[in-house]
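Taking it in order: structure first as structure tokens, then the write-up.
The values are calculated or read from the model by the stated rules, or taken from the named source; none is laboratory data. Given the structure is predicted, the values throughout are model-derived calculations rather than measurements. Note: ideal-geometry Cβ built from the backbone for every residue, glycine included; neighbour counts use all protein chains shown.
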Amino acid sequence: MIILPEKFVNTIKDIHKENGSKWLADFQELCLKCENQWQMKILTPFELSYNFVAPILFQDGKDGVIKLSVPNEEFTNEVEALRVFKDTGIVSMIDYDLKKGIILLERLLPGYTLASIENEEEAMHIASKVMKNLWKIAPESTILPTMLNREKSFRRIVETFPNGLGPISKDLLLDAFTIFKEMLKSQSTTYLLHGDLHHYNILFAGEASWKAIDPKGLIGEREYDIIQFLLNNLEHKNIYKVIEKRIDILVKELDLNRERVLFWGYSHAVLSTCWSLEDEGTYNENFFQSIQVFKNLHTNLNK
């Protein structure tokens, strides 16, 4: 029997309500069915957040990973992204069941994250290679969300909090939303993006190989997909200098538009801070401080 942490149980109930409670009630049975269907054993889970993720051992001795989720749109998008991204520097999907919320994946070993690389430049060069291998021109037809979905989320926040939210003032919120809309209108070539690409979603797979995991799947321009990376792994660092250096490397190696990176960074940092305030009642201080960093970098760009 697998014992689920209380925090994880509460998270599932808070997010998925009745569906979450039913999923938890059926969880042990689901695990047994998975073990029988794929002839494998579910081992001690990794640290859990929003999904159950654990290493597995197949009967033939091969390793793998199982991810169990309450079936929802985000889960469906992840499966679609893994399918379309196939062979482009992302973890391989072995099998899946959309109705039951099951994904079987290859296990990346040794599997430590890019955050473990202390040398900032080395980490950035690794990340740029992953991004270059990952991105592909957006397919003509796909169920994956587009940047329009992010704009709708932004608009809902503006309408729900007309006077601002927490440290995000009314003027700041409106300014960021205006820029976000303008950026969306002026997009050129759109790509299939990861949607949540950062240090903790890039793992070492051995033999100098790094792969991305946990794609959300998003259609938009490349400059937007690097923003989440710029905002992460900033603890105890000079935020301005680190973000500036990261942008320098990624713009050069991936042939990106620096000004668009800065505009996306500014507006997304505001949106992300609002998401956190809505969901958790608090926010990431580094995300909030980066708003001014992107603004200052843009000011300096035009001097």
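General observations
- Unmet requirement for Ala81, which otherwise passes all of (1) within 25 Å of Val9 (Cβ to Cβ); (2) of a type in the set (Gly, Ala, Ser); (3) crowded, with 18+ Cβ neighbours inside 10 Å: (1)
- Residues located in region 140-157, provided they are β-branched (Val, Ile, Thr) and either in contact with a helix residue (DSSP H, G or I) (Cβ under 8 Å, 6 or more places away or on another chain) or farther than 14 Å from Tyr191 by Cα (or both): Thr142, Ile143, Ile157
- Residue ID - surrounded by the fewest Cβ atoms within 10 Å (Cβ to Cβ), chosen from residues in region 125-140 that are within 19 Å of Asp214 (Cβ to Cβ) and among the aliphatic types (A, V, I, L, M): Ile126
- Residue match in region 57-71 (condition: over 17 Å from the mean Cα position of the chain (by Cα), in a strand (DSSP E or B) and free of Cβ contacts under 8 Å to residues at least 24 places away in the same chain): yes
- Qualifying positions in region 141-185 - in contact (Cβ under 8 Å) with a residue 24 or more places away in the chain, loosely packed, with under 14 Cβ neighbours inside 10 Å and assigned to a loop (DSSP other than H, G, I, E, B): Ile143, Pro167
- Check on Phe287, assigned to a helix (DSSP H, G or I), modelled with pLDDT under 95 and either touching a Ser or Thr at 6+ places or on another chain (Cβ under 7 Å) or closer than 21 Å to Arg222 by Cα (or both): yes
- Restricting region 35-56 to residues that are in contact with an Asp or Glu (Cβ under 9 Å, 6 or more places away or on another chain) and in a helix (DSSP H, G or I) leaves a set whose member that is surrounded by the most Cβ atoms within 10 Å (Cβ to Cβ) is Trp38.
- From Asp279, Asp196, residue being farther than 21 Å from Ala127 by Cα, within 18 Å of the chain's Cα centre (by Cα) and either not in a helix (DSSP H, G or I) or not polar (S, T, N, Q) (or both): Asp279
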